[in-house]
1. Could you tally the net charge around residue A:186, taking each other residue with its Cβ under 14 Å from the Cβ of residue A:186, Lys/Arg +1 and Asp/Glu -1?
2. Order these peptides, A:47-60, B:137-150, B:161-174, by their mean beta-carbon neighbour count within 10 angstrom, highest first.
3. What nm distances, shortest first, do you get from the label point of residue B:223 to those in the other copies when the point sits 7 angstrom along Cα to Cβ?
4. Which residues in the stretch B:18-41 place their backbone N less than 11 Å from a point set 7 Å from the Cα of residue B:65 along the Cα-to-Cβ direction?
5. Taking every residue in B:168-180, how many Cβ atoms of other protein chains lie within 10 Å of its Cβ, on average?
6. Taking H placed 1.01 Å from N in the peptide plane, check which residues at least 5 places from residue B:65 or on another chain put their amide H under 5 Å from its amide H.
7. On average, how many beta carbons from a partner chain sit within 10 Å of the beta carbon of a residue in B:141-147?
8. Once you average over the residues of B:53-65, how many Cβ atoms of partner chains fall within 10 Å of each Cβ?
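Read-outs throughout are calculated quantities, based only on the coordinates presented, and are distinct from any laboratory measurement. The structure presented is a predicted model; accordingly, all values stated were derived computationally and were not measured. Every residue, glycine among them, receives a Cβ derived from its backbone with ideal geometry; neighbour counts consider all protein chains shown.
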There are 2 protein chains.
Amino acid sequence: MTAKTHAIVLLSGGLDSTTVLAMARAQGFQCHTLAVSYGQRHSVELSAARRISMLLGATEHRQMHVDLAGIGGSALTDPRIAVPEAPTGGIPITYVPARNTLFLSLALGWAEVVGAEDIFIGVNAVDYSGYPDCRPEFIAAFETLAALATRAGAEGGALRIQAPLIAMSKAQIIRAGVELGVDYGETVSCYQANAGWGACGRCDSCRLRREGFIAAGVPDPTRYAANPV
Amino acid sequence: MTAKTHAIVLLSGGLDSTTVLAMARAQGFQCHTLAVSYGQRHSVELSAARRISMLLGATEHRQMHVDLAGIGGSALTDPRIAVPEAPTGGIPITYVPARNTLFLSLALGWAEVVGAEDIFIGVNAVDYSGYPDCRPEFIAAFETLAALATRAGAEGGALRIQAPLIAMSKAQIIRAGVELGVDYGETVSCYQANAGWGACGRCDSCRLRREGFIAAGVPDPTRYAANPV
């Protein structure tokens, strides 16, 4: 692979996607990072994404908007639905309908324009929240779709959906990121982080993150709004 | 099928998607129509979509925004790229990267929220402009993806992508719509229609539409801005 190869990296500003960006950079990709604003409560992620993109030497950062709040149906986009602070079983109410499908579709469009043959996404099927669009079979189906959906695919080009974290535990992800020099103090994972980045320490995302640092044996640099439970 | 079955219908306000809405209504679906604003030049389509949704008895109409102009790369979203007025061969510059993938993804999210098992889209592989995301294999791949991407799919539910026009000629589409009582004078197909709905009569979309009316033997109700060439 040449050092000139372009990739789109979906970057939320959280722990997982930041690790993915570090991995793509370590492989020599010129990274075009994409943060999607979708009416999420935790928009503090969006400024974290911009900052992390610069810190990790991405070529270009863009923020695009899709109207997932207009669709509704999730605690992450609908202020009338509370974010649960304990596991509920099944697919949780923090699931945003079609979110990863939309994110990958935006990345796909941008990949066509910049001539990128790789799209990186930080989905994870181990320490995850039970979302259907985080599974390996979903990623494989999107890669098949991408080849059919695009000019490049129709003309015989390749388009790979790279999900390097998909089979890793949170602890493995954290250890891999630390080896690549990632400062996780810059990342925001909490579903209800406030503008001062204070993480609640109680939501599903905070819980998975906190347990990950403990399991990895790495000090947790997260700034909590209050002492976690 | 009961008359209570819900469907999402992607509605651009053009000839094809209006015919699809008429077909879905004739099959007894309660139709939730979705117009997507994506920075297109021909935003006059968006008001046509809203009007047509009401005229054809849809249950609900929504307009959602995605930032395809931010991606760029198409004559339909980038004012620096001219809309061609003659066929150019290959995939034309009016192709919007990942457009149908994004449209179907938004429809998918809304389908999950309203409990619709059917998504209708007016793509056509016969009298079309050579876009890769209008082919039957693209639609089939999206249906596979949809089953994997959603809560309903993960829990064993169905999700069908219905593309009833895919194998029809423009003349057949027009005849089918006329039989269902569609007034094509309400629809807007032109890539550069102005606010008074005057169609240019020269772009690819106008040309296909005009030839369709001639082939169907149906008077063309299109309001042209000037005499077509």
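1. 0
2. B:137-150, B:161-174, A:47-60
3. List, nearest first: 5.6 nm.
4. It comes to B:37-39, nothing else.
5. Per residue, the number of nearby Cβ atoms from other chains is 0 on average.
6. Result for residue B:65 returns A:67, B:37.
7. That works out to 6 on average.
8. Mean partner-chain Cβ count within 10 Å for B:53-65: 1.
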